[in-house]
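The values are calculated or read from the model by the stated rules, or taken from the named source; none is laboratory data. Not measured: the values here are computed from a predicted model. Every residue, glycine among them, receives a Cβ derived from its backbone with ideal geometry; neighbour counts consider all protein chains shown. For accessibility, only protein heavy atoms count, side chains too; no ligands or nucleic acids. Shrake-Rupley method; radii C 1.70, N 1.55, O 1.52, S 1.80 Å.
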Amino acid sequence: MVQKSETKKAKQILHDVIFELQNVSESMQWFLSYDRLSELLEIRKEECLRKVYQFKSAKPQMTLSGGFHEVDGDLLVDFLAWNLELDEVAEEFLKGGIFFSERPLYELRESYKTLIQKTIANHKLDQELLLLLTAATIDFDDAVDSYLMDKFEIDFFVRRSIHQFLEKFEIHPEYGAEEFLYEYLKSLIPTKILNFRDITREFRDRTYYELYGRFRETKKKKKKKIIQSVSIEVKDLLAFFDLEPGATIVDVKKKFKELLKKYHPDINKKGEEMTKRIILKYNRLVELLGM
């Protein structure tokens, strides 16, 4: 009976934390100070700080900045799960529309790819138009790009996959989740993570065969150093920086600096959130690669 009461209390505290973040969230940007966190946990500030330092001992990537920002979302989720002894913290943060961990974001990316592939697979090919485009370009892929851009809008796929994502996880969109996810997907479209030609590769190969009655010749690629065992997270992080497995620390730092210059708030007024994400992903990649 005591255990049930404690679990109920822990769930109420989690609900209060999420409600607090929802109230202060602006386009999914928020800050929760240690002072306010101690109040929500109903413990003294000294006790809260002791728990934070104890938690940090197992999280070397964690920086003490007076509280948790949205870029520290994973750390706050882990801290609350550890402190409250609850398994559903990440799920509740997701539903609350205040923070998305890497796993659901990975699902969003995959659903975006699947939506494009299914839509194009059911498309009735306009052979006459495509033949005209191929005659006007040297590269077949360039012709297909023009054809698909004429028939479909990327923005439709972005917004549709986000809508399905929000519905699937029953996410509250009023705290900026929809806007955040839109900017997130759009920022990845130019990178290898959501490369349009890779996503539509099967359609391109099938279309080439329908037009010319033969298979496309595959372009020979230069051999590159391959890491035998690379986790999905590392692959995604490398792709975020537009890098291949086997990239050196020099490559990583170079891409990191390039992206910072591109999205720094002093240059890009809308780049603050992306800058934070770049720094977070860079630190995580360096940690995983042991650089």
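Please specify each residue of the stretch 24-48 satisfying the condition of being open to solvent by 100 Å² or more (accessible area, probe 1.4 Å) and within 21 Å of residue 173 (Cβ to Cβ). Write out each step before concluding.
In the first step, residues of the stretch 24-48 are kept if they are open to solvent by 100 Å² or more (accessible area, probe 1.4 Å); the result is 26, 39, 42, 44, 46.
Scanning the stretch 24-48 gives a single hit, 26.
If I ask for residues that are closer than 20 Å to residue 186 by Cβ, of a type outside the set (S, T, N, Q) and more than 17 Å from the chain's Cα centre (by Cα), which ones from the stretch 242-291 would you list?
Those that are closer than 20 Å to residue 186 by Cβ, of a type outside the set (S, T, N, Q) and more than 17 Å from the chain's Cα centre (by Cα): 255, 258, 260, 261, 262, 264, 265, 267, 269, 270.
So residue 21 fits all but one of (1) touching a Leu at 6+ places or on another chain (Cβ under 9 Å); (2) modelled with pLDDT of 90 or more; (3) assigned to a loop (DSSP other than H, G, I, E, B); what number is the exception?
Every condition holds for residue 21 apart from (3).
Tally up the residues in the stretch 155-191 that are of a type in the set (Phe, Trp, Tyr), at pLDDT 95 or above and within 15 Å of the chain's Cα centre (by Cα), please.
Here the count works out to 1.
Among the residues of the stretch 240-257, how many are more than 30 Å from residue 98 (Cβ to Cβ) and either among the small types (Gly, Ala, Ser) or not in a loop (DSSP other than H, G, I, E, B) (or both)?
So the count comes out to 8.
I'd like the residue in the stretch 112-154 that is of a type in the set (Asp, Glu) and without any contact (Cβ under 8 Å) to a residue 12 or more places away in the chain and, out of all such residues, is least open to solvent (accessible area, probe 1.4 Å).
Among those residues, the one meeting the criterion is 139.
Is it the case that some residue within the stretch 268-276 is among the charged types (D, E, K, R) and open to solvent by less than 80 Å² (accessible area, probe 1.4 Å)? I'd like the intermediate steps shown before the answer.
Of the stretch 268-276, the ones among the charged types (D, E, K, R) are 269-270, 272-273, 276.
So of that shortlist, the ones also open to solvent by less than 80 Å² (accessible area, probe 1.4 Å) come out as 273, 276.
Among the residues of the stretch 268-276, at least one is among the charged types (D, E, K, R) and open to solvent by less than 80 Å² (accessible area, probe 1.4 Å), which makes the answer yes.
Could you count how many residues in the stretch 172-204 are closer than 26 Å to residue 125 by Cα, surrounded by 18 or more Cβ atoms within 10 Å (Cβ to Cβ) and of a type in the set (S, T, N, Q)?
Going through the stretch 172-204 one residue at a time, the tally reaches 1.
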